[in-house]
Amino acid sequence: MVLNSSYVCYCSIDYFIFSFIYNKRSQLTNSHVTKSISMAGMVIEEKHHYIEPGKYVEMWIIGYNGYENEEHRERYKIFIEESMVYNIIEEGEQYMVTASSFRKDEEFGYAYKLQQLSNQEEYQLTGKGRIK
């Protein structure tokens, strides 16, 4: 069976359009569109935590991109899951940060969950450590 090249082209275009529309529709039907941020110079303004004894701990930081002009600067609220990570973060320091939103926030637009954090000023070790 020989297929006409224009037929194959139309089928490919139809599939692409269907896939695009399906993906957009599924994104729009969600109650919230996920946003991701990544910046090499997030300056930590504030650290906060809330403890509900016996139930949970919430830890978050508030900061901004140190490389943005002050008049266009946005502030971000980023929640942290691991207390060890929260404990090493210092106010006034600058970090490389990657985070993704998980809900809307009245004051900051979105609340984010920390994905990755790195201090760009300090020496970074890589590899696995040996336990002897």
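Some observations on this one:
- Heavy-atom accessible area ranking, 1.4 Å probe, most first, across Val85, Val97, Val43, Val57: Val57, Val85, Val43, Val97
- The alpha carbons of region 60-106 give a radius of gyration and a Dmax of 11.7, 34 Å, in that order.
- Environment charge of Ser101, counting only residues whose C-beta is closer than 9 Å and scoring Lys/Arg +1, Asp/Glu -1: +3
- Solvent exposure ordering (accessible area, 1.4 Å, most first) of Tyr67, Tyr110, Tyr95: Tyr67, Tyr110, Tyr95
- Based on protein heavy atoms only, region 74-123 ends up with 66 Å² per residue of surface accessible to a 1.4 Å probe.
The values are calculated or read from the model by the stated rules, or taken from the named source; none is laboratory data. Keep in mind it's a predicted model, so treat the numbers as computed, not measured. Using ideal geometry, Cβ is built from the backbone for each residue, glycine included, and neighbour counts are taken over all protein chains shown. Note: areas computed on protein heavy atoms with side chains; ligands, DNA, RNA excluded. Shrake-Rupley method; radii C 1.70, N 1.55, O 1.52, S 1.80 Å.
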